[in-house]
1. Can you find, within the stretch 118-152, the residue that is most open to solvent (accessible area, probe 1.4 Å) among those that are modelled with pLDDT of 85 or more and within 16 Å of the chain's Cα centre (by Cα)?
2. Considering the stretch 175-192 alone, what residues qualify as being in a helix (DSSP H, G or I) and either closer than 13 Å to Ala150 by Cβ or touching a Lys or Arg at 6+ places or on another chain (Cβ under 7 Å) (or both)?
3. For residues that are outside any helix (DSSP H, G or I), over 15 Å from Ile50 (Cα atoms) and not charged (D, E, K, R), tally how many sit in the stretch 1-24.
4. Kindly indicate the residue of the stretch 56-102 that is at pLDDT below 90 and aromatic (Phe, Trp, Tyr) and also most open to solvent (accessible area, probe 1.4 Å) among those meeting that condition.
5. For the stretch 176-195, how many residues are closer than 16 Å to Arg141 by Cα and open to solvent by less than 60 Å² (accessible area, probe 1.4 Å)?
6. Please go through the stretch 10-20 and pick out each residue that is more than 25 Å from Glu68 (Cα to Cα) and either of a type in the set (Asp, Glu) or in contact (Cβ under 8 Å) with a residue 40 or more places away in the chain (or both).
7. What about Ala16, is it of a type in the set (A, V, I, L, M, F, W, C) and surrounded by fewer than 16 Cβ atoms within 10 Å (Cβ to Cβ)?
8. Scan (1) surrounded by 18 or more Cβ atoms within 10 Å (Cβ to Cβ); (2) touching a Gly at 6+ places or on another chain (Cβ under 9 Å) for the single condition Phe198 breaks and write down its number.
Amino acid sequence: MISVVIAEDQRMLLGALASLLDLEDDMQVVGTANNGEDAVKLVHLYKPDICIMDIEMPIKSGLEAAEELKGSGCKIMILTTFARPGYFERALKAGAHGYLLKDSPSEELATSIRTIMAGRRIYAPELVDEAYGEENPLTQREKEVLGLIADGKNTKEIANELFITTGTVRNYISVILDKLGVSNRIEAITRFKEKGWFK
């Protein structure tokens with residue numbers, strides 16, 4: 001019997017997933033959580049074979065929980081709405097065995113769980129294509145500058161922190177906007193977040 005913990009902050013979906021998997025002859029849902037922190041506790045408590053995890057949850061995200069559970073012996077499957085390459089890369093680094101999108105057919109879920117339990121990994125094909133198709137275009141220094149902008153720092157503060165002139169900071173900002181195809185700092189931060197590139 002495959003024991004499963006499900007972590008999902010949308011209660012209706014959580015109930016539906018649990019009911020769906022409990023219908024399978026070889027699966028049993030041993031615990032449900034609606035945030036990443038409770039998911040980690042349940043995995044330590046019940047030692048399930050697999051934990052199905054949403055990404056965007058309160059208190060602790062699914063990715064943070066997956067990173068914390070790395071090496072716990074519990075296989076992690078991410079089930080999310082977000083096909084963001086940055087999220088996918090983080091999930092891979094956290095050792096996730098599966099990454100499926102919520103709009104996948106429901107029968108695919110049980111099949112994927114069995115495949116993962118057989119020692120294979122399952123990733124949504126559109127994610128694999130996108131993850132390898134789009135690299136973060138910013139250099140390390142440009143990422144630092146954007147990170148400081150995201151922290152609310154102005155041009156002068158960024159210049160002081162990085163020991164460069166304000167003119168150089170402005171040059172970096174115009175290159176960042178150009179590379180990300182946006183027209184201002186707020187859009188740049190939003191685009192970078194959407195891609196999941198903020199580590």
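1. Step by step, filter the stretch 118-152, then rank; the result is Tyr123.
2. Once the filter is applied, which keeps residues that are in a helix (DSSP H, G or I) and either closer than 13 Å to Ala150 by Cβ or touching a Lys or Arg at 6+ places or on another chain (Cβ under 7 Å) (or both), the stretch 175-192 yields Ile176, Leu180, Arg185, Ile186, Glu187, Ala188, Ile189, Thr190, Arg191, Phe192.
3. Qualifying residue count for the region: 2.
4. Across the stretch 56-102, the extreme among qualifying residues is Phe82.
5. Selection size over the stretch 176-195: 6.
6. Scanning the stretch 10-20 gives a single hit, Leu20.
7. yes
8. (1)
The values are calculated or read from the model by the stated rules, or taken from the named source; none is laboratory data. Source: prediction; values computed, not measured. Quick reminder, even Gly has a Cβ in these numbers, built from the backbone with ideal geometry, and neighbours come from all protein chains shown. For accessibility, only protein heavy atoms count, side chains too; no ligands or nucleic acids. Shrake-Rupley method; radii C 1.70, N 1.55, O 1.52, S 1.80 Å.
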